[in-house]
Amino acid sequence: MTAGERLRRVDTAVRHVIGDAVAQDLKDPRVGFVTVTGVKTSPDLRHARVYVSILGPPAEREASLEGLRSAHGYLQRRIASELHLKNTPELQFVLDNTAERAFRLEELLDAEGPQG
């Protein structure tokens, strides 16, 4: 297995652990409807960017991000206990606006109407 394949497997495993914890275990009322869309782990496994999609207005999205950031210690412990990695990555949560951008693009295309 190459290093790139191993990182992809770690990214996927971290995404599943965090996704399950956010969906089932986090009790912070600030954390709204959050979907973990991806994880990018550094090659030394010391840092991980966790990309999240959050439904709601900007104030609710920011509150959810703050809730996730405050729960990072709990989430790191979950990763450590479930994945048994040499290093448990420090988590950084990043808002993933891909779905929102796709929706806006679709609206623009619909507004322009059919070409032909």
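No value in this document is a laboratory result; all are computed from the given coordinates. Keep in mind the model is a prediction, meaning the values are calculated, not measured. Don't worry about glycine lacking a Cβ; one is built from the backbone with ideal geometry, like all the others, and counts go over all protein chains shown.
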Checklist outcome for this item: THR2 and LEU95 label points (each 7 Å along its Cα→Cβ direction) are spaced in nm at 3.6 nm
Next on the checklist: Suppose the chain between ARG104 and ARG77 were pulled fully straight at 0.36 nm per residue; how much longer would it get relative to their current alpha carbon spacing?
Outcome noted: 6.0 nm
Checklist outcome for this item: Counting only residues 5 or more apart in sequence or on a different chain, those whose built amide H sits under 5 Å from that of GLY38 are TYR51
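Taking the Cα centre of the chain as origin and charging only Cβ (+1 Lys, Arg; -1 Asp, Glu), how large is the dipole, in debye to the nearest 20?
Dipole size: approximately 660 debye.
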Checklist entry - Across all directions of projection, what mean area in square nanometres is found for the Cα convex hull of the chain? => result 9.6 nm²
Item to check | Amide N proximity, segment 80-95 versus LYS40 label position 7 Å along Cα-to-Cβ, cut-off under 16 Å | outcome: 90-95
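Find how much the distance from GLU66 to THR12 grows on full extension, using 0.36 nm per residue of separation minus their present alpha carbon separation; answer in nm with one decimal.
Details: separation 54, 0.36 × 54 = 19.44 nm, distance 2.32 nm.
Extra length from GLU66 to THR12 when fully extended: 17.1 nm.
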Next on the checklist: I need to check one value: relative contact order of the chain, counting alpha carbon pairs closer than 8 Å and at least 6 residues apart, in percent.
Outcome noted: 27 percent
